[in-house]
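Nothing in this text is a laboratory measurement; each read-out follows from the coordinates by a stated rule. What you are looking at is a predicted structure, and each value in this text was computed from that prediction instead of being measured. Cβ placement follows ideal geometry from the backbone for every residue including glycine, while neighbour counts extend to all protein chains displayed.
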Amino acid sequence: MKHLSVVAAMALLAACSQQDQAPAAPAQAGKGPPPPPPYQMRPEAPTGNRLAGGDGKTLFEYHCGYCHLTGGMGTNLLTKQRMMAGETPEKGLLANRADLTADYVKQVVRMGKNAMPPQTRVDLTDAELDAVAIYLGRAK
Amino acid sequence: MKLVTPPRVSPQQFDAAMQAMAGVVGKDWVMASDADRDAYADAYAPGPQEQWPAGAAVAPASVEEVQAIVRLANEHKVPLWPVARGKNLGYGTAAPRMAGSVVLDLGRMNRILELDEKLAYCVVEPGVGFFDLYEEIQRRKLPLWMSVPGNAWGSVIGNALEHGIGYTPYGLHARNLCGIEAVLPDGDLVRTGMGAMKDNPAWHLFPMSYGPTFDLAFTQSNLGVVTKAGVWLQPAPESSLELVFDIPNAEDVSWVVDTIAPLKISGLIDQNVFIPSWLGKMVLKGQRKDFWDKPSAIPEWRVQELLKEHKLGYWQVALRLYGEEPVVKAKAEIIKAAMARNLKARAAEHWWHTGDPINAYETTMGIPSAVPLQMSDWIGGRGAHMGFSPVVPATGKHVAEQMQRSRKIIDSFDVDFYASFTIGGRFANNVNMLMFDRDQPQQIETIKQLFNALIEETAKAGYGEYRTHLGWMDRVADTFDFNQNALRRFTEKVKDALDPNGIIAPGKQGIWPSAYRDSAKEGRA
């Protein structure tokens, strides 16, 4: 498992998260990894005053979705990391995590972590970050 | 990061300037805390981020606000560093060349103003990212394709202004710009091309002005702040075919270029053809330590083992054709016959037809993705990369010599060799990717020395870079030495005439206004 390639892991994850679509054919031994996932659309840009925050889920998907939806760069790296920690591949999606605290989310967003650069207040305002941190920060 | 003010500006004067700018954009869009300065630093800096510190950042929401900020910058003698979305990763991110400059973050100006299906173009503001434009095209179900760079997190306009390159028929992104609106250093507003006439509907269609044409003068430039631009898009083709050739040996790149470049120049191949070496595939398969656990460069015998184990050629050419199926088929036969002169193995063929799904990583079909940035994980830790990117003529001889030259230098520093060539027409763009861990000072020192050696030796051979990181902008500018750097002298004359206070992006690409020319020696890597 440790050496499962990222491509295979992310394709596996894509298969896991497409329950509403036709089931993907199971990967067969010797035939290589399943195909890469389709592009996942983000929600439309939230309207209104960005300084007032908004719906955490929508804000997360819109502002963080470049990397943290299915098939994104952050999801791929986290999938590998979580699987090496003995967890299931769908934990590579931040939206499936139950171990993040709101403060931790805020810290990583503003300070960056490993491959992730820090996000400015134009990328995500403080009020938007508060909403995203509440949405993702399910651990107490 | 603590406050560093621009030259000759006291903290009190700087604060007064920020308060004046807050009067334009609102206090929440003036970002001047230590944490804000950290967020606008170069996340991939080779060495301490404090080498290129922003004083603050200001985020206007409209052209009028940009004009007002530029006028205040003149009044307070506080220089601005405009960024579109600030995702110029590997080249400085959003950080300014001159310490204390205020980042003019245009990320809030993110409207798609026009999207024309019939004439295949859009008009966008600088804050519009590749993802935003792609999704808007999908929502409106328009038969238009984009060209995207490897990291598509950034801005459509910003990438084009930085001379970014993609891998479609529209891959020379600066060439897709048609009709620019820019705020000049004195706050005046200008429109180029047919846009110089009020409400001219051909503004974003005819690529020249009546008289001198200045569009490209605003690229890699500090002559103005681009606030909107027309960008040409590719009409969606009826079908597309990808031909994947595995090329066994390093020296084969010579015949590959001599085979492909003539077909590109003749127009039979219309995309920019990307020729990455094997390491481009390996970085997605795991981390370096999984394949070679020593700090020294991966030796040739191990490279050969890895190629065998992973069934990789030294190079892989994934060539894509676009258009009506019979045309694509006919082109494919010509390409396959040409490649067969030197290659026994047949190409893998992947057809696509209108209506077929497209996966999230099809860069050659204009799908935006940030996944290529995963390579930063190859090194582990806080991985980062820089690209050494000279341009050479698209002939086997020039390409092979360039590869041998850079490989010899990179080998002598005991660093992994990870090269690619992109055939964009009559030229090939060579990117030598240098990866490092931001927490390993020795690695960073090696990479910096290596970078200097590459610039020097490549210039001696007669070639220059197309783009570079903040810390090398002056050194690379020095290499463009015809008639004692006549082009730089010309640009600096223009700069001084347009921007006597030097407040727009001092030092950008080695162009210093006289007001700050004495700062040119600072901030060199």
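Brief remarks follow.
- Relative contact order [Cα under 8 Å, 6+ residues apart], chain B, whole percent: 16
- Projected label distance in nm at B:PHE482 and B:TYR210, using a 7 Å step from Cα toward the beta-carbon: 3.1
- Sequence-separation-based contact order of segment A:45-140, relative, with Cα cut under 8 Å and 6+ spacing, percent: 37
- Loop-located GluC sites (Glu not before Pro) in segment B:77-173, at most 16 other Cβ atoms within 10 Å (DSSP): B:GLU117
- Taking each residue as 0.36 nm, the span from B:ILE334 to B:VAL190 lengthens on full extension beyond its C-alpha to C-alpha distance by 47.1 nm.
- Compared with the dominant Cα axis of chain B, that is its longest principal axis, helix B:11-25 is turned about 80°.
- Pairwise centroid distance, computed over Cα atoms, of segment B:396-441 with segment B:82-144, Å: 29
- Using the rule -39500 (n - 2.57) for each DSSP H run of four or more residues, divided by the residues of chain B, the 222 nm mean residue ellipticity is -9000 deg cm²/dmol.
- Computed from Cα positions, the angle between helix B:396-412 and the longest principal axis of chain B comes to roughly 70 degrees.
- Using alpha-carbon coordinates, inclination of helix B:130-139 to the longest axis of chain B, degrees: 70
- Assuming charge only on the beta carbon of Lys and Arg (+1) and of Asp and Glu (-1), the dipole of chain B about its Cα centre is about 640 debye to the nearest 20.
- Counting only residues at least eight positions apart within a chain, or on another chain, the lysines with an alpha carbon under 18 Å from that of B:LYS118 are B:LYS141.
- Where labels lie 7 Å past Cα in the beta-carbon direction, separation of B:LYS521 and B:LYS77 in nm: 2.1
- Taking Cβ atoms as reference points and 14 Å as the exclusive limit, the residues near B:ILE335 contribute a net charge of +2, counting Lys and Arg as +1 and Asp and Glu as -1.
- Near B:PRO237, once Lys and Arg are set to +1 and Asp and Glu to -1 for all other residues with Cβ below 11 Å from its Cβ, the sum equals -3.
- Pairwise label distance in nanometres, A:GLN81 with B:ASN249, each label 7 Å out on the Cα-Cβ vector: 4.3
- Full extension of the chain between B:ASP199 and B:LYS344 yields a length gain of 46.5 nm, computed as 0.36 nm times the residue separation minus the alpha carbon distance.
- Of the trypsin sites (Lys or Arg not before Pro) found in segment B:161-231, those in coil by DSSP whose Cβ has at most 14 other Cβ atoms within 10 Å are B:LYS198.
- The longest stretch of chain B left intact once loop-based chymotrypsin sites (Phe, Trp or Tyr not before Pro) with at most 11 other Cβ atoms within 10 Å are removed from consideration, loops following DSSP, is B:211-481.
- Reported to the nearest whole Å, the Cα centre-to-centre distance from segment B:502-525 to segment A:96-137 is 35.
- Where a label projected 7 Å from the Cα of A:ASN114 along Cα→Cβ would reach, residues of segment B:433-448 with amide N under 19 Å: B:435-440
- Sparse packing (at most 16 other Cβ atoms within 10 Å of the Cβ) combined with a DSSP loop state is found for the following GluC sites (Glu not before Pro) in segment B:235-316: B:GLU238.
- Under 19 Å from B:LYS294, Cα to Cα: lysines that are on another chain or at least 8 residues apart: B:LYS285
- Extension gain for B:ARG302 to B:LEU3 (0.36 nm times residue separation, less C-alpha to C-alpha distance): 102.8 nm.
- For the pair B:HIS353 and B:PHE413, a Förster radius of 41 Å applied to the C-beta separation gives a FRET efficiency near 0.30, rounded to the nearest 0.05.
- Cα gyration tensor shape of the protein assembly as shown, rounded if a/c is under 1.5, else prolate or oblate by comparing a/b with b/c: rounded
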